[in-house]
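The values are calculated or read from the model by the stated rules, or taken from the named source; none is laboratory data. Just so it is clear, the structure is predicted and the values come from calculations on it, not from any experiment. In this analysis, Cβ positions are derived from the backbone assuming ideal geometry, glycine residues included, and neighbour counts consider all displayed protein chains.
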Amino acid sequence: MTTVYSLKADKYSSHMQIAEFIKSLGLLPHSKILDVGCSKGFLGKNLSKLNFDLYGIEMDKNDAKMARLHYKDIKICDLDFGMPVFKENFFDAIVMADVLEHLKNPLKALRHFKRFSKNGYIIISTGNVANIWIRINLLFGRFDYTGKGILDRTHVHLYTLKNFKSLADEAGLGVKQVFVTPIPLPLVSDLFSKGNIFHLLHKINYMLAFLWKNLFGYQFILVCEKK
């Protein structure tokens with residue numbers, strides 16, 4: 001059975017922000033990019049016109065089958081039980097989007113994959129457990145796990161911006177840039193999507209997240225380099 005995760009096409013989503021950041025780097029064709037937790041190949045599809053050599057890691061066989069169209073190679077494995085090895089300094093960029101919170105030992109995973117980065121970018125993202133919606137629910141004594149989102153019941157670790165940065169630091173990574181996503185209102189209703197009546201509210205939603213990351217941020221995206 002495939003995972004519940006689907007493409008978040010909104011320009012403020014983590015999928016789109018990560019893809020746009022990679023596009024902005026000006027990497028040459030056949031630059032090597034590793035997508036850890038590639039799911040159905042959302043990143044690969046978005047970058048397909050740039051002729052990168054994309055490599056993926058995915059634990060769900062059905063998702064990996066869907067992603068193969070856009071990837072040079074995909075290794076199917078559960079990172080809690082073994083992590084694949086590549087040539088050292090092999091990748092120009094490594095992406096671990098919404099992966100670390102699912103792992104029993106995220107620090108070990110970061111240190112492992114850092115070895116394969118060619119002094120390039122390592123991009124990691126996770127949900128913000130200090131988001132205002134979580135805080136309001138806590139005031140009323142609610143901390144309910146769900147099928148997806150910040151309190152996805154498969155999450156082993158929960159992060160604030162501070163301790164997510166600390167994880168990167170402990171792994172020997174320097175944080176160069178921080179991006180943030182807002183609460184994904186277009187997933188709540190199409191009325192918040194581009195071209196619809198409440199899209200302006202979603203833009204304001206993003207500005208609040210950008211200005212007050214710790215409170216209004218839904219996900220954090222850290223662009224890191226090896227120290």
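A few comments on the model shown:
- Among the residues of region 177-200, those identified as among the hydroxyl-bearing types (Ser, Thr, Tyr) and either in a helix (DSSP H, G or I) or over 18 Å from PHE216 (Cα atoms) (or both) are SER189, SER193.
- Residues located in region 72-98, provided they are in a loop (DSSP other than H, G, I, E, B) and either in contact with a Cys (Cβ under 7 Å, 6 or more places away or on another chain) or of a type in the set (Val, Ile, Thr) (or both): PRO84, VAL85
- Residues that are in a loop (DSSP other than H, G, I, E, B) and touching a Gly at 6+ places or on another chain (Cβ under 9 Å), drawn from region 23-38: LEU25, LEU27, SER31, GLY37, CYS38
- Taken as a whole, the structure places SER193 among residues that are farther than 24 Å from LEU103 by Cα, surrounded by 13 or more Cβ atoms within 10 Å (Cβ to Cβ), out of contact with any strand residue (DSSP E or B) (no Cβ under 8 Å at 6 or more places or on another chain) and small (Gly, Ala, Ser).
- Restricting attention to region 40-55, the residues that are among the polar types (S, T, N, Q) and part of a loop (DSSP other than H, G, I, E, B) total 1.
- Of the residues making up region 132-146, at least one is surrounded by 16 or more Cβ atoms within 10 Å (Cβ to Cβ) and at pLDDT 95 or above.
- Test: LYS165 is in contact (Cβ under 8 Å) with a residue 24 or more places away in the chain, of a type in the set (D, E, K, R) and within 17 Å of HIS15 (Cβ to Cβ): no
- Selection within region 93-106 - crowded, with 16+ Cβ neighbours inside 10 Å and either over 15 Å from the mean Cα position of the chain (by Cα) or over 14 Å from VAL156 (Cβ atoms) (or both): ALA93, ILE94, VAL95, MET96, ALA97
- The single residue among MET16, MET83 that is under 26 Å from PHE220 (Cβ atoms), free of Cβ contacts under 8 Å to residues at least 60 places away in the same chain and within 14 Å of the chain's Cα centre (by Cα) turns out to be MET16.
- Residues of region 196-212 classified as polar (S, T, N, Q) and either at pLDDT 90 or above or under 20 Å from the mean Cα position of the chain (by Cα) (or both), total: 1
- Selection status of PHE143, aromatic (Phe, Trp, Tyr) and in contact with a helix residue (DSSP H, G or I) (Cβ under 7 Å, 6 or more places away or on another chain): yes
- Considering residues of region 176-190 that are surrounded by 17 or more Cβ atoms within 10 Å (Cβ to Cβ) and in contact (Cβ under 8 Å) with a residue 24 or more places away in the chain only, the residue farthest from GLU101 (Cα to Cα): PRO186
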